[in-house]
Amino acid sequence: MIKVDISQILGFVSETEVKALEPEVKVAIEKLEKGTGEGSDYIGWMNLASETSPELVSAIKAAAAVLRENCDTVVVAGIGGSYLGAKAVIEAFSNSFSQLIQDKSNPTMLFAGHNISEDYLYELSQYLKGRRFGVINISKSGTTTETALAFRLLKKQCEDQRGKDMARKVIVAITDTSRGAARTCADKEGYTSFIIPDNVGGRYSVLTPVGLLPVAVAGYDIDALLKGAADMEAMTNGNVPFEENISAVYAAARNALYRSGKKIEILVNFQPKLHYFSEWWKQLYGESEGKDNKGIYPSSVDFSTDLHSMGQWIQQGERTIFETVISIDSVKHSVLVPSDEENLDGLNFLAGRHVDEVNKMAELGTQLAHVDGGVPNIRITVPALEEYWLGQLIYFFEKACGISGYLLQVNPFNQPGVEAYKKNMFALLDKPGYEAESAALQARIRK
Ligand code: PA5
């Protein structure tokens, strides 16, 4: 079972303050379940896992099999919600040194289209030279510049290197049913394609083909991922009592802290494989809550690494933060600290103990120190880094995010602020249709 422990926030906000949010949480859940809240045309994610058809899962597995059979490397092109979910799940399960391991049973998974770095794209093209690579092009709008630019380069290299026929076989599109350039291109070229449902926004799309296809190509179990999410769906629905509904408790706890002046939430992990899970979480909460001049600022650290950098700030900096720790109960492998006759490093007191025991004591020691230092601490315990549990964790955070957005009285499903930079970039690049904005910006820059 995934567990949420809020006992270590109770010196900062009272149990009564958390409990006082129960009626608001109830209303928020009702809005999500009845589709009566703001942005309710984007709540398709709520029942995705339980309603994904066996036909869709089979089609995803079949497309994954084609890519696995014909490619040693697969590049996933996408940004934001069309990137972070797949990256988070794949990183969570991959061998830490997978890029360096020669004898592979799974294709190397690479990502592009999430930046506009010329050097990144050059180095990627060099790496791909001579390799049997394929591409998964993911864009809901089908018009995102970063992704479209990378895909244009990848498509050309794939066709040049592998021939048009093979390129058609190993390029897959995941996009809208009918709108956008990615759809036009997929239809014209005859690529295998999957649809991102209209009612699922980018950051809530990891359990659609957007996340499922890359995860299946990488060799991980999408049935278990979906099963975990579907089970969490049942465990967090409106009929579950508040205290037992972990998404409700987490949402109430973080909002009680926010209302008491804790404006920054730091998501903490003690397993480096969760680094990108935190990136996914940051996008989910940042884009969902940060609007109308409101919202908890979501940040993240990888411990114990960052205890040696951000640890100082967290222990003694401005007291406007709280931590949410994802704690993984059991690790996959066993490494015991060896005994050393000379004991030059003085570590014999650890001899015969598991490295994970040291990690767990670092975790507990950090929690005690940070709480003493004025940092409330929420703890989410996950049994293991496995597909089923990650599916649960994904849905747990999505549901809590929807509830939190409504507690804040914002629309958790739009992201109007993301457009501002795009408009300026297009104007500065003289994109047709942006002439007036371009003239205004040029005048501003020349001042
Ligand atoms: O969450 C979102 O909606 C965004 O982060 C999008 O996923 C991101 O901007 C990419 O958009 P698209 O899939 O249309 O290329």
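The values are calculated or read from the model by the stated rules, or taken from the named source; none is laboratory data. Bear in mind the structure is a predicted one, so any value in this text is a computation, not a measurement. When we count neighbours, we look across all protein chains shown, and the Cβ atoms used for this are built from the backbone with ideal geometry, even at glycine.
Limited to region 80-96, what total is found for residues that are touching a residue at least 12 places away in the same chain (Cβ under 8 Å), out of contact with any Gly (no Cβ under 8 Å at 6 or more places or on another chain) and among the polar types (S, T, N, Q)?
2
Conditions: (1) under 28 Å from residue 331 (Cα atoms); (2) more than 16 Å from the ligand (Cβ to nearest atom); (3) of a type outside the set (Val, Ile, Thr). Residue 191 meets all but one. Number of the miss?
(1)
I need the helices (runs of 4 or more DSSP H) fully contained in region 354-447, keeping only those with at least 3 residues that are out of contact with any helix residue (DSSP H, G or I) (no Cβ under 7 Å at 6 or more places or on another chain).
Result: 355-372, 419-428, 435-446.
Please enumerate the residues belonging to region 287-303 that are outside any strand (DSSP E or B) and within 21 Å of the chain's Cα centre (by Cα).
Across region 287-303, the qualifying residues are 287, 288, 289, 290, 295, 296, 303.
Tell me which of these residue 249 doesn't satisfy, since it passes every other one: (1) under 20 Å from the mean Cα position of the chain (by Cα); (2) not in a loop (DSSP other than H, G, I, E, B).
(1)
In region 77-120, which residue that is more than 16 Å from the ligand (Cβ to nearest atom), hydrophobic (A, V, I, L, M, F, W, C) and within 11 Å of the chain's Cα centre (by Cα) is farthest from residue 142 (Cα to Cα)?
92
When you scan region 329-346, do you find a residue that is among the hydrophobic types (A, V, I, L, M, F, W, C), out of contact with any helix residue (DSSP H, G or I) (no Cβ under 6 Å at 6 or more places or on another chain), at negative phi and surrounded by 15 or more Cβ atoms within 10 Å (Cβ to Cβ), even just one?
Looking through region 329-346, none of the residues is among the hydrophobic types (A, V, I, L, M, F, W, C), out of contact with any helix residue (DSSP H, G or I) (no Cβ under 6 Å at 6 or more places or on another chain), at negative phi and surrounded by 15 or more Cβ atoms within 10 Å (Cβ to Cβ).
Each row is one residue, and each column tells you yes or no for (1) buried (at least 19 other Cβ atoms within 10 Å of the Cβ); (2) at negative phi; (3) modelled with pLDDT of 95 or more.
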{"site": "373", "(1), (2), (3)": "no, yes, yes"}
{"site": "376", "(1), (2), (3)": "yes, yes, yes"}
{"site": "403", "(1), (2), (3)": "yes, yes, yes"}
{"site": "442", "(1), (2), (3)": "no, yes, no"}
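Just to be sure, is residue 143 surrounded by fewer than 23 Cβ atoms within 10 Å (Cβ to Cβ), of a type outside the set (A, V, I, L, M), over 28 Å from residue 32 (Cβ atoms) and within 13 Å of the ligand (Cβ to nearest atom)?
Here the answer is yes, as residue 143 does meet what is asked.
Could you tell me which residue of region 1-60 is surrounded by the fewest Cβ atoms within 10 Å (Cβ to Cβ), considering only residues that are under 21 Å from residue 205 (Cβ atoms) and among the hydroxyl-bearing types (Ser, Thr, Tyr)?
Among those residues, the one meeting the criterion is 53.
Tally up the residues in region 283-316 that are within 16 Å of the ligand (Cβ to nearest atom) and under 19 Å from residue 375 (Cα atoms), please.
Looking only at that region, the number is 2.
Quick check on my filter: what residues within region 321-353 are more than 21 Å from the chain's Cα centre (by Cα), outside any loop (DSSP other than H, G, I, E, B) and in contact (Cβ under 8 Å) with a residue 24 or more places away in the chain?
Answer for region 321-353, where residues must be more than 21 Å from the chain's Cα centre (by Cα), outside any loop (DSSP other than H, G, I, E, B) and in contact (Cβ under 8 Å) with a residue 24 or more places away in the chain: 321, 330.
Taking residue 276 as the residue in question, decide whether it is aromatic (Phe, Trp, Tyr), farther than 28 Å from residue 260 by Cα and within 22 Å of the chain's Cα centre (by Cα).
yes
When the residues of region 128-140 are narrowed to those that are touching a Ser or Thr at 6+ places or on another chain (Cβ under 8 Å) and away from the ligand (no atom under 12 Å from the Cβ), which ends up farthest from residue 199 (Cα to Cα)?
The extreme case among them is 131.
Which condition does residue 161 not pass, out of (1) of a type in the set (S, T, N, Q); (2) in contact with a Phe, Trp or Tyr (Cβ under 8 Å, 6 or more places away or on another chain); (3) at pLDDT below 95, if it passes all the others?
Status for residue 161: all satisfied but (3).
Let's see how each residue does on (1) within 16 Å of the ligand (Cβ to nearest atom); (2) surrounded by fewer than 22 Cβ atoms within 10 Å (Cβ to Cβ); (3) in contact (Cβ under 8 Å) with a residue 40 or more places away in the chain:
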| position | (1), (2), (3) |
| --- | --- |
| 175 | yes, no, no |
| 181 | yes, yes, no |
| 207 | yes, no, yes |
| 231 | no, yes, yes |
| 254 | no, no, yes |
| 263 | no, yes, yes |
| 275 | no, yes, yes |
| 279 | yes, yes, yes |
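Based on what the data block shows, is residue 77 of a type in the set (Gly, Ala, Ser), over 17 Å from residue 397 (Cα atoms) and in contact with a Gly (Cβ under 8 Å, 6 or more places away or on another chain)?
Criteria met by residue 77.
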